Amino acid sequence: MVEIAKATPAASRTDIVRQEGRLELAQIRKHFADFLGTENALSAARTSAAQRRSDEAIAAAVTGLILSALLITGFGLYLARSIARPVKEVAEGAARLAGGDLTTRLEPHGIGEVEELTNAFNRMAERLEASRRELEEQNDRLKESEQAKSELVSVVAHELRTPLASVLGFTSVLLQREVAEEQRREYLEIIEAQGRRLSALVNDFLDVQRLEEGQLSIASELVDVGRVVREQTELFAGQSPKHMLDVSLPPTPLPVRGDSNRLAQVVANLLSNAIKYSPGGGVVRVAGNRNGTVVRVTVQDEGVGIPAEVQREIFGKFARGHAAEEGIEGTGLGLAISRSLVEAHGGQISFESTKGRGSTFWFELPTASPG
């Protein structure tokens, strides 16, 4: 059509040509319309697919952000629970320790080093508590020691004053005045008795100190307890005309392994107490026997007895019950020393007493083979 119009312009303006041209143009327009419709459909499909992919991408991104936020939040909570909270608990526990609550303990939890920190805190708290207990025990021992020293000074001042005054007084009389021979002998006997009393007091104090320091030596030899009891009762028999000593011993020996001098000291303490705590006089019954694997010595008096409220402390140092109130002299060391000596020999000592009806003291020692 273009070539015909170029070659014969007049021919191109004919009705047939114009009609044919309109048909061709209509056909072309139809093709273009179809093309444009197809392209628009494809473009719409592409746009829809792109929009869908965009929406999916946005949804995926939002989901990822939400998951990331959840992960970050969870990780934060995990850190807070596993690290921050245990560290905070350790800090609070340290504050309680600093405030004096050494019983503070933490529940071990957390990760790695945090749990080790908690365990280290508990170990430190345990050591601090143990140290405080040890210091408190040492403080209690120091208080007891100070109290014992005060009691010792008081007892020494009280107990030594009387015999010292007697010794000095009668010595002064003998030095400054002429006295008859009989009176002079009487004064010398008083001085000797008070000197022996002073010596006994000093020995008791030294024995207590050695026992506390673990330095008191105990011999290990075969000893006939019956002979020891008999010798001591003979020594005490003439000390008080108001008392009668009734001795009951078997004809055969009562052998034990130990120190005869220390065992004699125990028997002497029991006999001295029996006489001293029965100021009205009476019979002091002394018995020794062998019962199976033990040798038992018993000393019974008819004296004032021991009140029930002080019986539990009667073997303690300086324990004298109501003796001071009743005017009975003594240091309160004899029974404490006797118990230590009996226990050092592997035995035991005890008593039975009723106030106003006398007391019965006894001790038992493991028997020994004569061979």
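Just a few scattered comments:
- Residue within region 76-88 that is open to solvent by less than 90 Å² (accessible area, probe 1.4 Å) and at pLDDT 70 or above present: no
- Matching residues in region 221-237 - criterion: being hydrophobic (A, V, I, L, M, F, W, C) and open to solvent by less than 20 Å² (accessible area, probe 1.4 Å): V223, V225, V228, V229
- Taken over region 238-274, the criterion of being touching a Pro at 6+ places or on another chain (Cβ under 8 Å) and open to solvent by less than 50 Å² (accessible area, probe 1.4 Å) is satisfied by P255, V256.
- Just one residue in the set V167, V173, V156 is open to solvent by less than 100 Å² (accessible area, probe 1.4 Å), of a type outside the set (S, T, Y), at pLDDT 75 or above and closer than 30 Å to K317 by Cβ; that residue is V167.
- Selection status of D301, open to solvent by 50 Å² or more (accessible area, probe 1.4 Å) and either at pLDDT 90 or above or under 30 Å from Q147 (Cα atoms) (or both): no
- When I190 is tested against the conditions (1) modelled with pLDDT under 75; (2) under 30 Å from F236 (Cβ atoms), the lone failure is (1).
- Whichever residue in region 176-206 is within 27 Å of I337 (Cα to Cα) and of a type in the set (D, E) and, among such residues, is least open to solvent (accessible area, probe 1.4 Å): D204
- Qualifying residue in region 360-369 (condition: of a type in the set (V, I, T), open to solvent by 10 Å² or more (accessible area, probe 1.4 Å), at pLDDT 90 or above and under 33 Å from the mean Cα position of the chain (by Cα)): no
The values are calculated or read from the model by the stated rules, or taken from the named source; none is laboratory data. Since we're looking at a predicted model, the values are computed, not measured. Note that we place each Cβ from the backbone using ideal geometry, even for glycine, and neighbour counts take in every protein chain shown. Surface accessibility is based on the protein's heavy atoms, side chains included, excluding ligands, DNA and RNA. Shrake-Rupley method; radii C 1.70, N 1.55, O 1.52, S 1.80 Å.
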